[in-house]
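The values are calculated or read from the model by the stated rules, or taken from the named source; none is laboratory data. Only a predicted model underlies this, so the values are computations on that prediction, with no experimental measurement involved. Don't worry about glycine lacking a Cβ; one is built from the backbone with ideal geometry, like all the others, and counts go over all protein chains shown. Surface areas here come from the heavy atoms of the whole protein model, side chains and all, with no ligands, DNA or RNA. Shrake-Rupley method; radii C 1.70, N 1.55, O 1.52, S 1.80 Å.
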Amino acid sequence: MKNERALVIGGGGVAGIAWATGVLAGLAEARIDVTEADAMFGTSAGATVAAQLTSGVELPALFQAQVDPALQQEELTPRDGALVSAFEFGAKVDAEVADPVERLRRIGEMALAAETVTEAERRAVIEARLPSHRWPERSLSVVAVHALTGETRVFDRTSGAGLVDAVTASCAVPGVWPAATVGDERYIDGGTRSLTNLDLAAGFARTLVIAPIPDPVLDADAASIAERGGLVEIITPDEAGLAAFGTDPLSPASRTPAGHAGVAQGRAAAQKVSALWHQA
């Protein structure tokens, strides 16, 4: 596999899926096709987007499915306050636990005990999101976290896990959606480790990061890659993008405004992304 160009897409709920797809569509309008990356890394919402991009469906159709209400798929609504409670629990654990793996194990413990929709209901939503349920021949990595041990798991076509199961695991926001079963193991959202997991893409010469929600460790990961000679360009929501997300990135109503905000940012970022992507 060539280790030249990587595309990293982070978490951000259904708003993040729409916004990231919009960014890619905006770049494509400027004739910059970053979906031709040598490898893609997806976390949570980003796992959905990356799997869609490698499905064979053209980007314009993927974008319209996000912003056209007539084409948008039905999404589940989590119980009231679930996302806020999840963030509060995460902040509490961050304050109490220094060890990163133990922190993730504690969050996994909470996820396993949480009252949510059934695994089958949640998996059906992810299955409907993905145009193809088979791993692509191209390099696609999907990040999740083992709910019992707190260990990071990177799924790909050689891992033995089905694509739908892997993406469901990566999107299993603890306390909001059920921990996902893959084989005999339970997994939670890869965004609990890092919203982008950029460090897992180290070794590529050029990396574009599309981060719907700013990642606290993103700058440090990018700096580490830069120290080894890698180039990293990061796109996060601007003021208009944040406004489009609203107060709840899991709200299906956020998709249309977030998608259009993403297109505008993709167009605006075209010059700097072209400089990264097409550098000789």
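Just the number, please: carbon plus sulfur as a percent of the accessible area of the chain, 1.4 Å probe, no ligands or DNA/RNA counted. Mind showing how you got there, number by number?
Working: 6240 of 12090 Å².
With neighbouring chains kept in place, the figure for the chain is 52 percent.
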Q | For residue 232, distant residues with modelled amide H under 5 Å away | A | 207
**Q.** Simple label model, 7 Å out from Cα along Cβ direction - residue 217 to residue 184, nm
**A.** 2.9
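Would you mind getting me the FRET efficiency between residue 275 and residue 71? Use the beta-carbon distance for r and R0 = 51 Å, nearest 0.05. Present the calculation step by step, with values, prior to reporting the outcome.
Details: r = 34 Å, r/R0 = 0.66.
About 0.90, to the nearest 0.05.
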Q.
Using a 1.4 Å probe on the protein heavy atoms only, what accessible surface does residue 199 show? Give it in Å² to the nearest 10.
A. 60
Q. So in the chain, what percent of DSSP beta bridges are antiparallel if you round to the nearest 5?
A. 35
Q. Just 183, 241, 266 to compare: in a GNM of the chain, with alpha carbon springs under 10 Å, which one fluctuates most?
A. 183
Q. Hey, with R₀ at 22 Å, roughly what FRET efficiency would residue 227 and residue 36 work out to, going by the Cβ-Cβ distance, to 0.05?
A. 0.25
Q. Anyone know which of 113, 98, 172 comes out most mobile in the 10 Å Cα GNM of the chain?
A. 98
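Need the full-extension length gain, residue 120 to residue 102, defined as separation in residues times 0.36 nm minus the C-alpha distance. One decimal, nm. List each step's numbers first, then the result.
Numbers: separation 18, 0.36 × 18 = 6.48 nm, distance 2.82 nm.
This chain segment gains 3.7 nm when fully extended.
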Q) Rounded if a/c is under 1.5, else prolate if a/b is larger than b/c, else oblate: which is the stretch 71-154, with a ≥ b ≥ c the root eigenvalues of its Cα gyration tensor? A) oblate
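For 139, 170, write out the residues from largest to smallest accessible area, computed with a 1.4 angstrom probe and no ligands counted. Let's see the in-between values first.
Numbers: 139 35, 170 0 Å².
Ranking 139, 170 by accessible area, largest first, yields 139, 170.
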**Q.** Solvent exposure, largest accessible area first (probe 1.4 Å, DNA, RNA and ligands not counted), of 134, 193, 267
**A.** 134, 267, 193
